[in-house]
């Protein structure tokens, strides 16, 4: 350590300070470039993720506490009112389910007739979101479930609306999800109405996806629903991705660029569902197992999610 | 040797700063979230210059990058730049009245936003919305409380 005793040593201290600055700047720029371009720092990140787990857990604590306090404070009448409403909703949902089941059976039957491979049964796992704010420019989520709970890299993450993203990193108690809307993310999609296949890219904003290179001649319109096409094998086919909100010619005027409103609620939810693909066995009803302490209040949204997810893929229990 | 005994204040302050950076805020307030870690690092660089300097700022930035999931090295770069400027003007800063010091910190935090924007621009990464440029103001207003709390913690420790 330089001591600042005399002007002469102070000057030499300045020089070493500047040199140190330059060295550190070089190191950090090197890291930035390596992280941004190379991606070989993933290993480092994975290890650091384990170390950061308690920090994330701590940071999520206040909001968890606040939620539990709020939930404890709800009065009895409110609870019974809730109960009543949920009962009614369950009834309606069950009725709808019964109809869907008939449709699903018919679908499997028709598929068998066609000799086509049915879409595999889907097993989902409920995972609570660890409520922390990561870097606002990167579209990521941290889940309070990790490799200890059977989460693995590459798993598809959905919510009641549609696809949320995929797991890119797992630690024993946490997992990091890359959202559809991240700049690095692309998902193969299909226009539900016509079957035109496209790729939707994230653009770093939580409210829109970009749909570049749409051929002028293709049958794509504003308002079309997009679902995953299953190409590439990362995402299973048939999950809603979003709705096209705008189409405009790109710079070359040879293609159209679309803007897509994501179907999933990406900005803030409480829980998400992780898909685990099973062997194609369409008769197995999807099992929802809530790992560890899944919040009870969050559960009201879940049945709808499973519905949407596996409708047509696997019949569920009749009411 | 009055600054030897404060062993626990340093790691605790850094941990708290990182936690405050991660704690979820309502969407409206999110852009106003002050850069707590910068405030804490600034405090230590000003007050404990002999032990803590550029390398300290760099490693804290790296730690924050891992915690916040930002691009690895980005915050390290930002904090290193800030610490360097602070070191240069440290002698003046220490004798500024609190209000003037806060203004200087505000300027540094603003500069930090510029550095961050430059990094994002160079990498072609999405820029943060313009409202995030208000965060330095929040940081500036919080400088005095942060400074006083940290000083009080160290002072109490010293008196024991």
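Read the figures in this text as sums done on the coordinates, not as results from a lab. Predicted model only: the values in this text are computed from it and were never measured. Every residue, glycine as well, gets a Cβ built from its backbone with ideal geometry; the counts of neighbours run over all protein chains shown.
With an a/c value of 1.5 or above and a/b not larger than b/c for the gyration tensor axes a ≥ b ≥ c computed over the alpha-carbon atoms, segment A:52-110 is described as oblate. Shape summary: segment A:186-262 maps onto an equivalent ellipsoid whose semi-axes, from the alpha-carbon gyration tensor, are 18, 14, 11 Å in decreasing order. From the Kirkwood radius over Cα pairs of segment B:55-94, Stokes-Einstein at 25 °C and 0.890 mPa s returns a whole-number translational diffusion coefficient of 238 µm²/s. Highest mean packing first, where packing is the average number of other Cβ atoms within 10 Å per residue, the peptides B:75-81, A:20-26 line up as B:75-81, A:20-26. When each of the peptides B:148-155, A:161-168, A:223-230 is scored by the mean number of other C-beta atoms lying within 10 Å of its residues, the order from highest to lowest reads A:161-168, A:223-230, B:148-155. Note on B:122-128: average number of Cβ atoms from other chains within 10 Å of each residue's Cβ is 5.
For segment A:214-278 and segment B:82-160, compute the distance between their C-alpha centroids and round to whole Å. Answer, in whole Å: 42.
In segment B:9-159, the alpha-carbon atoms span a convex hull of 110 Å³ per residue. Using a Gaussian network model of chain B in which every pair of alpha carbons under 10 angstrom is joined by a spring, one finds that among B:118, B:83, B:17 the greatest mean-square fluctuation is at B:118. Look at the stretch A:137-147: the mean tally of other chain Cβ atoms within 10 Å of its residues' Cβ atoms is 2. For chain B, the longest principal axis of the alpha carbon atoms and the long axis of helix B:98-123 meet at an angle near 40°. The mean number of Cβ atoms from other chains found within 10 Å of a Cβ in peptide A:18-29 is 6, as a whole number. Distance between the pseudo-spin-label points of residue A:77 and residue B:95 (7 Å out from Cα toward the beta carbon): 6.9 nm.
When only C-alpha pairs under 8 Å and at least 6 residues apart count, what is the relative contact order of chain B, in percent?
29 percent
Compute the helix-to-body angle for B:36-47: its Cα long axis versus the longest principal axis of chain B, expressed 0 to 90° and rounded to tens. Approximately 40 degrees, to the nearest 10.
A Förster radius of 25 Å, combined with the Cβ-Cβ distance separating residue A:153 from residue A:197, puts the computed FRET efficiency at roughly 0.45.
Sorted largest first, the principal axis extents computed over the alpha-carbon atoms of segment B:20-80 equal 40, 23, 14 Å.
Residue ranges A:27-36, B:88-97 sort as A:27-36, B:88-97 when ordered by packing (mean number of other C-beta atoms within 10 Å per residue, highest first).
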